[in-house]
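The values are calculated or read from the model by the stated rules, or taken from the named source; none is laboratory data. Bear in mind that the values here come from a model prediction, so they are computed numbers and not experimental data. Heads up, the Cβs are rebuilt from the backbone with ideal geometry, glycines too, and the neighbour counts pull from every protein chain shown.
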Amino acid sequence: MYISDKIKQDRAKFVEVLFNPHEKIAFGKDNSYANKPRSHQEFIDSVDAEKFCINPVWDRRLTESVSKTSLLFECDDENLTIDEQERLFLESGLPFSTMVSSGSKSIHVILRFTMYFQDKQWSESWWYAIARVLEKKGIIADRRARLVTQLSRVPGTIRSNTGKEQTLITIRERVSHSEVLEWLQKNEEYPIKPKEVVIVDRTDINRDLSMSQKWKIANNWTEKKNRPYIGSAKSGNWNWLFAFGVNSYNLGLSLDGSIGLSQIEFGMTTQGSGGPFPISDAITAGFKWAQKQ
């Protein structure tokens, strides 16, 4: 596919609004490829990238390793045309940063905030408050879009399953929390404060459990949130093992124990989108990330 100078110019403006110069973008032709952080110029020049993560990614596209700066609202109502969806978004008065037609049946609207959210709980609280107002104005927002790791559509790419272009409709500016809050208050809504998370001293966690018991619990937690581990899978294993490393730390399992038992169970290496890699690398990355939190 040829990328015209006009599309590159539009993408450059798109990136400038949604990402700071030092922030990396995870993008690719599908969900499995849109996981690794890459440069702005690669995004601008890409010929086949269809999807990108709405938030900056500094390691892998995991909740733990993305910045919380943007919210996505997708209207996926088959009863509304693209033009009708665009009209409803504009009439709602919602401050937003970019609007893209997905190359299928939906409009994607992104709010890039000038400041970061404290955590994903606050990010989701703001998302739900905005979605409640949009619903009053005729827009049913797809709940899956609330996730900070959510993927949106790369403008200027031909969507492979429809043959239609993912079209950039509008680029505006970043939005502040205060102007969005003002919009919410005018519509009698506000973000609900998330429940506080109780932090427990890690030295007291599961001190009576054996190392193998802790490993099994970490494995169950990771499977429940992701999927069962599949060593032969061509993608996704880094993310799975990273999450397992985080869970191992949170359970009080040592890094050596986590790696050693995993190597017995899963083997020394596994498959990734870039080829085989040692499972110890991903587990260590997740474990050390959790240590820093």
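Checking each residue in the range 154-197 for being within 23 Å of Phe14 (Cα to Cα) and either of a type in the set (Asp, Glu) or outside the structural domain of Gly103 (by TED's automatic domain parsing) (or both) picks out Glu165, Glu173, Glu179. On the stretch given as the range 158-184, residues that are surrounded by 15 or more Cβ atoms within 10 Å (Cβ to Cβ) and free of Cβ contacts under 8 Å to residues at least 24 places away in the same chain total 1.
Listed conditions (1) buried (at least 18 other Cβ atoms within 10 Å of the Cβ); (2) touching a helix residue (DSSP H, G or I) at 6+ places or on another chain (Cβ under 7 Å) are all met by Gly28, apart from (2). Taking the stated definitions as given, is Glu23 surrounded by fewer than 18 Cβ atoms within 10 Å (Cβ to Cβ), within 22 Å of the chain's Cα centre (by Cα), in the same structural domain as Gln118 (by TED's automatic domain parsing) and in a helix (DSSP H, G or I)? No. Does the range 69-77 include one or more residues that are more than 25 Å from Leu134 (Cα to Cα) and surrounded by fewer than 19 Cβ atoms within 10 Å (Cβ to Cβ)? No, there is no match, as no residue in the range 69-77 is more than 25 Å from Leu134 (Cα to Cα) and surrounded by fewer than 19 Cβ atoms within 10 Å (Cβ to Cβ).
Here Gln41 clears all of (1) in a helix (DSSP H, G or I); (2) touching a helix residue (DSSP H, G or I) at 6+ places or on another chain (Cβ under 7 Å); (3) closer than 25 Å to Gly272 by Cα except the condition numbered (2). Only strands (runs of 3 or more DSSP E) whose full extent lies in the range 64-163 are considered here, and the ones with at least 1 residues that are in contact with a Pro (Cβ under 9 Å, 6 or more places away or on another chain) and among the β-branched types (Val, Ile, Thr) are 98-101.
Just one of the listed residues (Ala12, Ala49) is surrounded by 19 or more Cβ atoms within 10 Å (Cβ to Cβ) and either at pLDDT 95 or above or within 17 Å of the chain's Cα centre (by Cα) (or both), namely Ala49.
Between Leu111, Leu62, Leu90, the distinction of being surrounded by 18 or more Cβ atoms within 10 Å (Cβ to Cβ), aliphatic (A, V, I, L, M) and under 26 Å from Val133 (Cα atoms) belongs to Leu111 only. The residues of the range 249-264 that are out of contact with any helix residue (DSSP H, G or I) (no Cβ under 8 Å at 6 or more places or on another chain) and either closer than 11 Å to Ile283 by Cβ or in contact (Cβ under 8 Å) with a residue 12 or more places away in the chain (or both), listed by number, are Asp256, Gly260.
If the condition is being assigned to a loop (DSSP other than H, G, I, E, B) and either of a type in the set (Gly, Ala, Ser) or not assigned by TED's automatic domain parsing to the domain that holds Lys234 (or both), then the range 255-283 contributes Gly267, Gly272, Ser273, Gly274, Gly275.
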